[in-house]
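Written below as structure tokens is the structure these notes are about.
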Amino acid sequence: MHELANKIKCGDCIKILAKTSEPFADLIFADPPFNIGYEYDKYDDRVAKDEYVKWTKKWMSACVQVLKPNGSFYVAIGDEYVANVKLIAEDELKLHMRNWIIWHYTFGQQAKTKFARAHTHILYFVKDKDNFIFNDSVSRVFSDRQTIYNDKRANPDGKLPDDVWNEFPRVCGTFEERTGWHPCQMPESVLARIIRASSDPGQLVLDPFSGSGTTCVVAHKLNRFYTGIEISGEYTKASRTRINKSESLPVEGEGPAEWNSHLKVELKWLYHENKVSTEQLDDSPYLLALFTSKFNQRAGRKTHMFTPENIRKKLRQLRKSGKLGPMVRKTTQSR
Ligand SMILES: C[S@@+](CC[C@H](N)C(=O)[O-])C[C@H]1O[C@@H](n2cnc3c(N)ncnc32)[C@H](O)[C@@H]1O
């Protein structure tokens, strides 16, 4: 096991990563400060543009040094610097871009004199364009053919999500998930999609700007090793506590089909990703069976599987107690 495995280190990611000579990360997710004046306790998020771009180059290249040859690198970034990140990654660090993902969130901030911003860019790169991990089967969601058109030609395994992700709301103040002590916590569900797709259980996920510890928590829940780096002592301490409180999912195929808090979270993630309502699942045994099979796959179940009735009951309970959250509806778009 690498010396940084399952640790959240306090310090400057550039300095800490420079001390590591061997590539050790299978997947890196970086959500740096966007230089838009957010109030962090230690970092000043308002620096001159050229200084910010130079710094971006430094931390990105420190990350590339520790990324394994078949590793993946995701960067979340705002409109202001997304072009710089793309050019640095491709032209200077010789990475290959696989997707330009738009995370379109609900609960964006309202504006008075222009259209409200409701997205973050997530650029997805790999070191080697022919050798990387992409786990197709655990990333799939229902297709419209399955949920709307009831089309017999639908692939029963569903489809891979599009590159516009609109099923994950931002973590608002009222959400149970909200830590309350970090200004820009990412939703666990966004990280779960990335970690499932681009790493395998037992691999190591690095977050050089770990903040509230979301990446590390999700990596831990999904049975990956994690390394977080955070410059603030307070955030580091609080995120270590957050990790300790998060119990991991049962080992693959072990344990009875009983609900624990993480399986409930998994169920909520799957429900929101697939955008099928509980009414739809009640009405269609076919959708419920598909949903159940996807859930068992996500929970790593090969034995002691959850039944459709287990799933239906739990979803009903969560809905009744208000813990399922509002469903982001599918919209039919036209130009
Ligand atoms: C956008 S936040 C990350 C939020 C995180 N994704 C989450 O879900 O909580 C950026 C974090 O980077 C930290 N930071 C800023 N400069 C840093 C550096 N040089 N090394 C490590 N962390 C740094 C800030 O303190 C802040 O917590």
Practice problem: Go over the candidates Tyr81, Tyr52, Tyr38, Tyr105 one by one and state the one that is at pLDDT below 95 and surrounded by 16 or more Cβ atoms within 10 Å (Cβ to Cβ). | Solution: Tyr105
Quiz item: If you scan the range 290-314, which residues turn out to be assigned to a loop (DSSP other than H, G, I, E, B) and either of a type outside the set (Val, Ile, Thr) or touching a Phe, Trp or Tyr at 6+ places or on another chain (Cβ under 6 Å) (or both)?
Solution: Ala299, Gly300, Arg301, Lys302, His304, Met305, Phe306
Self-check item: Selected residue [over 16 Å from the mean Cα position of the chain (by Cα), assigned by TED's automatic domain parsing to the domain that holds Ile28, more than 19 Å from Glu273 (Cα to Cα) and among the small types (Gly, Ala, Ser)] from Ala116, Ala154
Solution: Ala116
Exercise. Please work out which residue is nearest to Ile102 (Cα to Cα), limiting yourself to the range 149-176 and to residues that are surrounded by 15 or more Cβ atoms within 10 Å (Cβ to Cβ) and not hydrophobic (A, V, I, L, M, F, W, C).
Key: Asn166
Self-check item: helices (runs of 4 or more DSSP H) enclosed by the range 173-289 - at least 3 residues per element that are under 26 Å from Glu39 (Cα atoms), touching a residue at least 12 places away in the same chain (Cβ under 8 Å) and not hydroxyl-bearing (Ser, Thr, Tyr)
Solution: 188-198, 214-221, 233-245
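The values are calculated or read from the model by the stated rules, or taken from the named source; none is laboratory data. Keep in mind the model is a prediction, meaning the values are calculated, not measured. A quick note on method: Cβ atoms are made from the backbone with ideal geometry, for glycine too, and the neighbour counts reach across all protein chains shown.
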